[in-house]
Amino acid sequence: MKKTWWKESVIYQIYPRSFADSNGDGIGDLNGITSKLDYLKNLGIDVIWLSPVYKSPNDDNGYDISDYEAIMDEFGTMEDFDRMLAEAHARGIKIVMDLVVNHTSDEHKWFLESRSSKDNPKRDYYFWREGKDGREPNNWGSWFSGSAWKYDETTDMYYLHLFSPKQPDLNWDNPVVRKEVFDMMTRWCEKGIDGFRMDVISLISKPAGLPDAPLMNELYGDCGCTANGPHVHEYLQEMNREVLSKYDIMTVGETACVTLEEAKKYANSEGTELNMVFQFEHVGLDGDAEFKWSTRKMPLVPLKENLTKWQKGLDGVAWNSLYFCNHDQPRVINRLGDPSDELREVSAKCIATCLHMMQGTPYVYQGEELGMVNYPFRTVKDFNDLESINAYYELTEKMGWDPKEIFPKIANKSRDNARTPMQWDDSANAGFTTGTPWLAVNPNYVKINAADQVIREDSVFNYYKKLIELRHTYDIIVYGRYELQMAEDPDLYVYTRELDGHKLLVVCNFSDHEREFMPDEEFREGKVLIRNLDNNNILDGILEPYEAYVIYAE
Ligand code: GLC
Ligand code: CA
């Protein structure tokens, strides 16, 4: 297998709005990030993925971009950006930008022109269609509820928006659009950034003729039908030729609805498209039958089956990204661990062990390294995220769900769980801001915060630090072949890794009770690389609740 720096890196995702506020306006910003680079250096990460910092009216917190080459007012200036990039590089940390080019903001100048008249030269930058029998051009539903089409009076036509009406979809079939995007990417690369995370990049090639889709509920068709469309690989290969191949950068595609077979193309080892993709199957396992909203726990046996499919399926032919958390996912301890005071830290470490010992590039989402947990939402008024708010009203008002039944499900999966401010210390507002935070701080910051964890040896922070160090030390953790053990066991996630005759055993008890487990002979004399309960005797054959350890046999 070919060795590359991005295979050996650990990525840290920053959601700038919620990371650190330097000027007291309640909103995180670039100078805030710069002030925390030493914290990240201490954690040991190699790369920062920055959620969007471009100019935006913030309908979807920066994922609706009105100018790709200017910084959002609340986040600072281009000088602040340049300083942050230089300071990161001075510490050996790379910066990967979020590239949101499936759509722009409806306030982007391209869209303002496109909308102005039917014969505007930029008309074809977006999808404009006539209505059909007084209704939308097709039945597609938006990922954020409602129809994926919005009627625009100016020219008496509809435009397509797979996300919010303020996020019109760019028409990638238009070569001029592709050139605009590639030129913009080139200018960022010339500035010295280190790569791109590509937002919903699997959706850029729409099926020819925009046909109706199978119904996803009684109201709308499933716009997942636009994923992995007819020309998506062709367009990414073109992007690779025109831009990516000219720089030593890393790329990761956010590929909604990606299958293993499609991932082998997007992230192929020949390097003709992207370096790796985010798949979504494992984070969908605790959803309800019809949608993601639910209060279920993630079931362990299907999780093992799924992650194993990806581990083995991409081995040697493509490359995995490893993640449980990001700005769109609830906190993983609530899904897979135990948020109680007694088990929070040990379960956070167990989950981290399981993920960080796999083959692929691990992603740590801000606060994950502290074991941050979901927010105790009480009413729909506590939400900021348009996905949660829209879903609540669509499900209750249009589809007749009982609010009492649906609210806890939305609260449990809301993206706002990931977006509450970073918990730096136990001072007011967790040290995130001296002003009023844009989204409420989780009241548990008094006991869960970075200041405590950086100095406390047995903290979740120091455990992540050690996991990252191990990845930087042992090739087997990066490149070794993965093999699942005990596939049907409902409590234990046990797997091995193998490289050049060396072996690694990873044991995680994902239950809140004791379990018997004895490592095989070949590991009993091995070196324990990391463990989340120091005082136990591994060879007594008893695993404590959420106990995890890793043994290396030379
Ligand atoms: C991606 C982003 C998400 C955003 C959506 C639309 O899924 O991760 O936050 O809302 O795309 O841009
Ligand atoms: Ca600020």
Need pairs with beta-carbon distance below 8 Å; first residue closer than 18 Å to Gly62 by Cα and of a type in the set (Ser, Thr, Tyr) and within the range 99-128, second part of a helix (DSSP H, G or I) and open to solvent by 10 Å² or more (accessible area, probe 1.4 Å); sequence gap 6+ or separate chains. Thr104/Trp110
Selection count where residues are within 15 Å of ligand 2 (Cβ to nearest atom) and either closer than 21 Å to Asn61 by Cα or at pLDDT below 95 (or both), scope the range 420-433: 5
Give the residues of the range 117-133 that are open to solvent by less than 60 Å² (accessible area, probe 1.4 Å) and either out of contact with any strand residue (DSSP E or B) (no Cβ under 9 Å at 6 or more places or on another chain) or modelled with pLDDT under 95 (or both), sorted by residue number. Ser117, Asn120, Lys122, Arg123
Within the range 1-20, count every residue that is open to solvent by 20 Å² or more (accessible area, probe 1.4 Å) and under 20 Å from Glu79 (Cα atoms). 1
I'd like to check which strands (runs of 3 or more DSSP E) are fully inside the range 149-242 and have at least 2 residues that are crowded, with 19+ Cβ neighbours inside 10 Å. 157-160, 195-198
Given the criterion more than 19 Å from Ile193 (Cβ to Cβ) and not hydroxyl-bearing (Ser, Thr, Tyr), identify the matching residue among Asp29, Asp46, Asp21, Asp67. Asp21
Could you say which residue among Thr473, Thr436 is within 16 Å of ligand 2 (Cβ to nearest atom) and open to solvent by 60 Å² or more (accessible area, probe 1.4 Å)? Thr436
Within the range 62-121, track down each residue that is within 16 Å of ligand 1 (Cβ to nearest atom) and at positive phi. Gly62
Please work out which one of (1) within 16 Å of ligand 1 (Cβ to nearest atom); (2) in a helix (DSSP H, G or I) is the condition Lys312 fails and give its number. (1)
Just to verify a result, which residue in the range 89-105, among those that are surrounded by fewer than 22 Cβ atoms within 10 Å (Cβ to Cβ) and either assigned to a helix (DSSP H, G or I) or not charged (D, E, K, R) (or both), is nearest to ligand 2 (Cβ to nearest atom)? Ile95
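From the list Ser18, Ser66, Ser9, exactly one residue is within 16 Å of ligand 2 (Cβ to nearest atom) and touching a residue at least 24 places away in the same chain (Cβ under 8 Å). Which is it? Full working, then the answer.
Details: Ser66 fails: within 16 Å of ligand 2 (Cβ to nearest atom); Ser9 fails: within 16 Å of ligand 2 (Cβ to nearest atom).
So the residue among Ser18, Ser66, Ser9 that is within 16 Å of ligand 2 (Cβ to nearest atom) and touching a residue at least 24 places away in the same chain (Cβ under 8 Å) is Ser18.
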Here are some residues: Lys264, Lys297. Which one is in a loop (DSSP other than H, G, I, E, B), open to solvent by 20 Å² or more (accessible area, probe 1.4 Å) and at pLDDT 95 or above? Lys297
Considering only residues that are open to solvent by 40 Å² or more (accessible area, probe 1.4 Å), among the aliphatic types (A, V, I, L, M) and either part of a loop (DSSP other than H, G, I, E, B) or touching a residue at least 40 places away in the same chain (Cβ under 8 Å) (or both), which ones fall in the range 499-534? Met518, Leu533
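Any idea which of Pro339, Pro376, Pro302, Pro362 is assigned to a strand (DSSP E or B) and either over 25 Å from Asp59 (Cβ atoms) or open to solvent by 10 Å² or more (accessible area, probe 1.4 Å) (or both)? Show your work before the answer.
Values: Pro339 fails: assigned to a strand (DSSP E or B); Pro376 fails: assigned to a strand (DSSP E or B); Pro302 fails: assigned to a strand (DSSP E or B).
That would be Pro362, the only listed residue that is assigned to a strand (DSSP E or B) and either over 25 Å from Asp59 (Cβ atoms) or open to solvent by 10 Å² or more (accessible area, probe 1.4 Å) (or both).
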Quick one: what pairs do we get from the range 280-291, first residue in contact (Cβ under 8 Å) with a residue 24 or more places away in the chain, second in a loop (DSSP other than H, G, I, E, B) and open to solvent by 40 Å² or more (accessible area, probe 1.4 Å), C-beta under 6 Å, 6+ apart or different chains? Asp286/Arg296
Considering every residue within the range 170-187, establish whether at least one is within 24 Å of Pro230 (Cα to Cα) and among the basic types (Lys, Arg). yes
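The values are calculated or read from the model by the stated rules, or taken from the named source; none is laboratory data. Predicted, not measured: the structure shown is a model, and the values here were computed from it. Neighbour counts are summed over all protein chains in view; Cβ atoms, including those assigned to glycine, are modelled from backbone coordinates with ideal geometry. Remember, those area values only see protein heavy atoms, side chains included, never the ligands or the DNA or RNA. Shrake-Rupley method; radii C 1.70, N 1.55, O 1.52, S 1.80 Å.
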